[in-house]
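The structure under discussion appears below in the form of structure tokens.
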Amino acid sequence: MNALWDAFMDFLPGNWDLFKEWVYWEFLLRGLWISVKIAFFAIILSILVGTIMAVGRLAPAPIVRFLATTYIEVFRASPVLLLMFFVFFGAGRFSTEWATDVPILAYFVDDVTGDLTPEASMIVALTLYNSAVVAEIMRAGILSISKGVIEASRTVGLTYLQSMRYIAVPIAFRRMAPGLVSQLITLFKDTSLASLITVLELARRGRILYDDFKFQDSTVPIILVVALMYFIPNYMLSLLAARLERGPDQRARRDAGLTAAEAQSISGG
């Protein structure tokens with residue numbers, strides 16, 4: 001097996017001797033794991049906060065609309081890099097030691113200094129920016145829903161929040177799945193900015209390797225491997241978006257062996 005792997009590496013253009021040793025693959029994979037962790041928390045928080053802000057921007061109460069609109073416009077217009085520096089260098093002015101007693105929040109706080117860790121700072125910065133963008137994507141999805149659907153839900157006794165929770169938001173998620181995933185893919189790639197605040201994520205580890213004098217003739221192979229490691233998670237997100245976009249109705253018709261025309265003729269009588 002090792003002989004086949006060595007032969008494959010020798011076949012590739014460039015100097016790939018670096019990647020014949022597992023230690024360097026492990027070094028980059030550890031960086032990929034850090035990037036995935038940052039992206040995972042930022043994606044969950046961005047979707048959660050973004051959905052709340054989208055619903056808030058469409059709320060009947062003017063004060064709620066004002067607060068949600070202010071949040072969206074301020075952070076959507078701010079560069080991720082600037083937000084990252086603001087959180088990383090500015091969070092130290094606020095006491096976060098209390099978070100060490102909370103199991104989930106303790107991950108984001110340094111045990112020694114009591115400040116936010118660099119990884120946590122990047123998660124917060126990505127969440128602030130991307131939640132604002134996600135809010136606008138979700139708002140567009142909600143506005144694309146027929147007013148009759150929302151009005152019908154209100155006539156059966158649902159409140160505004162219940163209509164959003166059970167009717168509007170699920171439909172908007174399905175309709176806006178491609179746009180959401182495109183933004184989340186951008187979010188994952190933006191994790192490379194964390195290298196500027198000492199986080200040893202994937203891009204930073206790749207640079208450490210090709211900055212080493214003994215690997216100076218392996219720069220292109222290193223960049224290609226790092227690019228591939230970014231591509232795989234992003235491609236998985238694209239597959240998820242395609243699956244969500246199809247929706248349960250289309251999957252049900254596919255499983256039943258019905259074409260769209262057949263399904264329409266059946267529904268039309």
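The values are calculated or read from the model by the stated rules, or taken from the named source; none is laboratory data. The structure displayed is predicted, hence computed values, not measured ones. Every residue, glycine among them, receives a Cβ derived from its backbone with ideal geometry; neighbour counts consider all protein chains shown. Ligands, DNA and RNA are excluded from the accessible area calculation, which covers all protein heavy atoms including side chains. Shrake-Rupley method; radii C 1.70, N 1.55, O 1.52, S 1.80 Å.
When +1 charges are put on Lys and Arg Cβ atoms and -1 charges on Asp and Glu Cβ atoms, the dipole computed for the range 106-166 relative to its Cα centre reaches about 640 debye. Normalised per residue, the accessible area of the range 111-239 is 49 Å², obtained with a 1.4 Å probe and no contribution from ligands, DNA or RNA. Here the range 20-69 has 80 percent of its accessible surface on carbon and sulfur atoms, given a 1.4 Å probe and all protein chains in place. The base-10 log of I(q)/I(0) for the range 192-237, evaluated at q = 0.29 Å⁻¹, reads -1.01 [Debye formula, identical scatterers on Cα atoms, solvent excluded]. At the listed q of 0.15, 0.22 Å⁻¹, the Debye profile of the range 136-244, built from one uniform point per Cα, gives log10 I(q)/I(0) equal to -0.75, -1.10.
Listed by chain and number, the lysines whose alpha-carbon sits under 29 Å from that of Lys37, ignoring those within fewer than 8 places in the same chain, are Lys20, Lys189. Note on Met138: accessible area approximately 0 square angstrom, rounded to 10, probe 1.4 Å, nucleic acids and ligands left out.
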